[in-house]
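Here's the structure we're looking at; comments come further down.
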Amino acid sequence: MEAALQNLYRIQMIEETVIEDSDAGLMLRFKDGDAEAFTQLFARHTRPIINFAYRFVRNRGLAEDLAQEIFLRVYEAGAGYQAKAKFTTWLYRIATNVCLNEIRKPHVRTALKNMEDGGGIPETEISHTASAPVQADRLLEQQTVSRALKRSLDELPEKQRAAFILNKYQELSYGEVADIMKISEKAVKSLIHRAKETLAEKLKPLLPGLINI
Amino acid sequence: MNCEQVHEVLDDFLNGKMSGSRSRDMRLHLASCPACASTLSPAERIEILPVLDETLEPSEDFDARFHAELQRRRAAMSADFSKESRGSAWFVWRHPWQLTAVGALAALLAAGIFLRHSGDRYGLSDNPGEIAIAENLNLLQDMAVINNLDLLENFDTIEKMTPAVDGSQEQRSIE
C-alpha cells in the first residue's frame, strides 16, 4: 500500500516537473521570438495569477488589472529570461512585487478599506466556484468564512500575508516561497506559523464548524 | 485521496513539505472529511480554509483586454523609439554649425594625440627636463669628487704618515 502511494506521488511529481520544465521551455521559445509560446503560458497561468492578485485586493476588477500588469511584465522581461530558477518562482516573484506595490499605495488602501466598511465584497464580483465541492445550502456559510478570512488576511503584516497566500493558496512549498521572497526557508516557516496563529485567534469562532462544511 | 493516504503524509503536509496538486488534494480531503479534520488542532484547521475560499474565473473578455493592452504598449514603445530617432535627425538638420564645431574640435584633438605619439615613436623628445639633465651631467660627475673631499683633504696627512710606517721608523722604535 505504501509502495503504491509512493508511486502515485512520484508520478504526480514527475507530471508537475514536466509542466514546470515545459513552462521554462515555452519561455525560452518566446525569448527566441515564438509568440505562440507566450500565448500558451498566458493561458496556463491566467487563472492562478488572477486569484493570487485577488487574495491581496479582493476586488475582481483590480485583481484582473494586476494580473494584466504581471503578464505585461513577463512579456517585457521575456528577452532577458534565463531558465536559472523554476518558471513559477520567477512568475510569482513578479506577481508578489506587483501586488505588494499596489496595496502599499495610499489610495488603494483607502479604497479597499472603504469597500470593507461598506459590507465586504460586492456579490457581483464573487464567482462562487470554490475549489471544494460544496453544496448549495453551504454557500452562505462559505461566504461567511470567505469574508472572515478576507478581513483577517488583510490585517496580517504584508510579509506574513504574502507567505501565507503563496503557500496555502498557490500551493507552493516553503522552499519555493523562500526563493520567491528571497528569504530563508526558516524565515518562511516562521512567517507562516505566525500568520496561522493570528488567523486561528481571529477565526476562533468559525474553526470548530469548519469540519462540517 | 483516502483517509489512510492522508494520515501517511499529514506531518509532511503540515510542515510545508508538500506542494502543488498533492497539497491541494490534502486540503480537499480534510475539508470534506470530518474524521480527518477532527485530528487537527484549531491552528492546523487554518490549512483547510483556502479551499473553502472563493476562486475567480477570468472574465470572458480578459484575454482580449490583455492583448489590446499589449498592442497599445507595443505601439507606444515603437512610437517612442521612432520619436527618439526623429529627434536625432531633427538635431542634425537644425543645428549644423554646432555639429561642425564639435567635429573640428574632435579632429584637432585627434591630430594632437597622433603627433604626440608619432614623436615618441621616432625618438624625438621635446622634454626640456631631459636637456637640463644632459647639461648638468659634468656637474653630476663632479659631485663624486665633492662627496670625497674629506678623504682628499686628509690625503697629505696620509702621505706624511706613509714614511713613518716604513722600515726605518720600525727600527727606531725597536731601538
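Quick one: which residue in A:43, A:67, A:37 is at pLDDT 90 or above and buried (at least 21 other Cβ atoms within 10 Å of the Cβ)?
On the way: A:43 fails: buried (at least 21 other Cβ atoms within 10 Å of the Cβ); A:37 fails: buried (at least 21 other Cβ atoms within 10 Å of the Cβ).
Residue meeting the stated conditions: A:67.
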- Does residue B:64 meet the test of being more than 7 Å from chain A (Cβ to nearest Cβ) and under 30 Å from residue A:72 (Cα atoms)? yes
- What number goes with the only condition from (1) farther than 19 Å from residue B:14 by Cβ; (2) within 11 Å of another protein chain (Cβ to nearest Cβ); (3) in a loop (DSSP other than H, G, I, E, B); (4) at pLDDT below 70 that residue A:205 does not pass? (4)
- Query: For segment B:1-30, what are the residues that are modelled with pLDDT under 85, surrounded by 15 or more Cβ atoms within 10 Å (Cβ to Cβ) and not hydroxyl-bearing (Ser, Thr, Tyr)?
  - Reply: B:1, B:16, B:18, B:20
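With the condition being closer than 23 Å to residue A:150 by Cα and facing another protein chain (nearest Cβ under 7 Å), I'd like the helices (runs of 4 or more DSSP H) fully within segment B:1-53 carrying at least 1 qualifying residues.
Working: elements: B:3-14, B:20-32, B:34-37, B:49-52.
Passing ranges, in order: B:20-32, B:34-37, B:49-52.
In segment A:166-180, which residue that is more than 7 Å from every other protein chain (Cβ to nearest Cβ) and in a helix (DSSP H, G or I) is modelled with the lowest pLDDT? So that I can check it myself, show each step before the final result.
As a first pass, look at segment A:166-180 and keep what is more than 7 Å from every other protein chain (Cβ to nearest Cβ): A:166, A:170, A:175, A:177-180.
Keeping just the survivors that are in a helix (DSSP H, G or I) gives A:166, A:175, A:177-180.
Details: A:166: 95, A:175: 91, A:177: 94, A:178: 95, A:179: 94, A:180: 95.
Within segment A:166-180, the match that is modelled with the lowest pLDDT is A:175.
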- Give just the number: which of (1) more than 16 Å from the chain's Cα centre (by Cα); (2) under 17 Å from residue A:28 (Cβ atoms); (3) facing chain B (nearest Cβ under 9 Å) does residue A:42 not satisfy? (1)
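Any residue at all in segment A:54-68 that is closer than 19 Å to residue B:20 by Cβ and either hydroxyl-bearing (Ser, Thr, Tyr) or touching a Gly at 6+ places or on another chain (Cβ under 9 Å) (or both)?
As a first pass, look at segment A:54-68 and keep what is closer than 19 Å to residue B:20 by Cβ: A:55.
Subset that is either hydroxyl-bearing (Ser, Thr, Tyr) or touching a Gly at 6+ places or on another chain (Cβ under 9 Å) (or both): none.
So far as segment A:54-68 goes, no, none of its residues is closer than 19 Å to residue B:20 by Cβ and either hydroxyl-bearing (Ser, Thr, Tyr) or touching a Gly at 6+ places or on another chain (Cβ under 9 Å) (or both).
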- Task: Kindly provide the set of residues from segment B:54-85 that are modelled with pLDDT under 90, of a type in the set (D, E, K, R) and outside any loop (DSSP other than H, G, I, E, B), ordered by number.
- Result: B:73, B:74, B:80, B:83, B:84
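The rows are residues; the columns are (1) surrounded by 14 or more Cβ atoms within 10 Å (Cβ to Cβ); (2) within 11 Å of another protein chain (Cβ to nearest Cβ); (3) modelled with pLDDT under 85.
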site: A:126; (1), (2), (3): yes, yes, yes
site: A:164; (1), (2), (3): yes, yes, no
site: A:182; (1), (2), (3): no, no, no
site: A:199; (1), (2), (3): yes, yes, no
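Which one is surrounded by the most Cβ atoms within 10 Å (Cβ to Cβ), of the residues in segment A:134-155 that are within 12 Å of another protein chain (Cβ to nearest Cβ) and modelled with pLDDT of 85 or more?
First, the residues of segment A:134-155 that are within 12 Å of another protein chain (Cβ to nearest Cβ): A:134-135, A:138-139, A:141-150, A:152-153.
With the extra rule that they be modelled with pLDDT of 85 or more, the set shrinks to A:152-153.
Details: A:152: 20, A:153: 23.
So the residue we want is A:153.
The values are calculated or read from the model by the stated rules, or taken from the named source; none is laboratory data. This structure is a prediction, so every number in the text was calculated from the model and none was measured. As a convention, Cβ positions derive from the backbone with ideal geometry for all residues, glycine included, and neighbour counts pool all protein chains shown.
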